[in-house]
Amino acid sequence: MSEFTDVLKTIEFEEDVKPFSVHPRSSFGYLLRQASRRLDRAVSRSLNAFELTVSQYHLLRELWQKQGMTVRDLACAVNIAEPSTLKSINLMQERGLVVVRIDAADRRKRLVFLTAKGARLKKPVLAEVERISHLAYADAARDDMLAAVRVFNAIERRLKKPLGRLSVALGESS
């Protein structure tokens, strides 16, 4: 059995919830997506006060941890396509939140740095997203959240590996 299957066994589902079901309300993947989209919408509404999108927030979060990342590294870190990442970075640059510099060692690379304005957003934006997170997770027990994290990590690890026929369809090598 896979690690993912082992993790799923540790979670108590509703009687009819399965990893996949043609019935959306009893499909683990569907329910995960629904919860994720609702959380994204709540975070998005709260970020409106800062004139930020959820994608921009995730990019800023990475830059608050490590500046000078390439556009490609940022795209990989936040799991957004590189062209979309570049578009978000360009909009953030227009707003004066970031600057993009050409890497002196490799002129093909574009490095992204926070401006003072972008750095000043860290405390109020994180406080607001933390507030939304506490509201969203208020009814979730810590043990349930830890189990969910194990499941999310197992899904991530598995989906980073070749998946047989799906890998061929996605252009991945086995």
Practice prompt. Can you work out which of the residues in the stretch 49-79 that are part of a loop (DSSP other than H, G, I, E, B) and over 16 Å from LYS109 (Cβ atoms) is farthest from the chain's Cα centre (by Cα)?
Written response: GLU51
Practice prompt. Scan VAL7, VAL43 and give me the residue that is surrounded by 14 or more Cβ atoms within 10 Å (Cβ to Cβ), outside any loop (DSSP other than H, G, I, E, B), at pLDDT 95 or above and among the β-branched types (Val, Ile, Thr).
Written response: VAL43
Discussion item. For the stretch 120-164, which positions are without any contact (Cβ under 8 Å) to a residue 12 or more places away in the chain and not in a helix (DSSP H, G or I)?
Written reply: TYR137, ALA138, ASP139, ALA140, ALA141, LYS160, LYS161, LEU163, GLY164
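The values are calculated or read from the model by the stated rules, or taken from the named source; none is laboratory data. Only a predicted model underlies this, so the values are computations on that prediction, with no experimental measurement involved. Please note: Cβ atoms are built from the backbone with ideal geometry, for glycine as well, and neighbour counts cover all protein chains shown.
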